[in-house]
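Scroll down for the structure; my scribbles are underneath it.
The values are calculated or read from the model by the stated rules, or taken from the named source; none is laboratory data. Bear in mind the structure is a predicted one, so any value in this text is a computation, not a measurement. We place every Cβ from the backbone using ideal geometry, glycine too, and count neighbours over all the protein chains shown.
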């Protein structure tokens, strides 16, 4: 089984309502929305996988977790949430 690392992720879009993180090895996009009342990033993501159709041997939970961590970091910078 492959192991994902943070350097393989990047924030590809961000605005006042959502943050999109791309996992470059599979071109999977994780789109995290902003929670209405707390203003924090939601841990639930819309996922759009690239050509392999999934995480291509990378653990799905690990990829989601790392994408969410990056989204949280971007939310702190962009939205000023903790």
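Only one of the listed residues (63, 81) is surrounded by 12 or more Cβ atoms within 10 Å (Cβ to Cβ), in contact with a strand residue (DSSP E or B) (Cβ under 9 Å, 6 or more places away or on another chain) and modelled with pLDDT under 95. That residue is 81.
Out of the residues in segment 49-60 that are part of a loop (DSSP other than H, G, I, E, B) and more than 11 Å from residue 29 (Cα to Cα), state the one that is modelled with the lowest pLDDT. For segment 49-60, the residue satisfying everything is 52.
Taking the conditions (1) touching a strand residue (DSSP E or B) at 6+ places or on another chain (Cβ under 9 Å); (2) surrounded by 18 or more Cβ atoms within 10 Å (Cβ to Cβ) in turn, residue 26 satisfies each one other than (1). Does residue 71 fit the bill of being touching a residue at least 24 places away in the same chain (Cβ under 8 Å), surrounded by 13 or more Cβ atoms within 10 Å (Cβ to Cβ) and either on the phi > 0 side of the Ramachandran plot or touching a helix residue (DSSP H, G or I) at 6+ places or on another chain (Cβ under 6 Å) (or both)? Criteria not met by residue 71.
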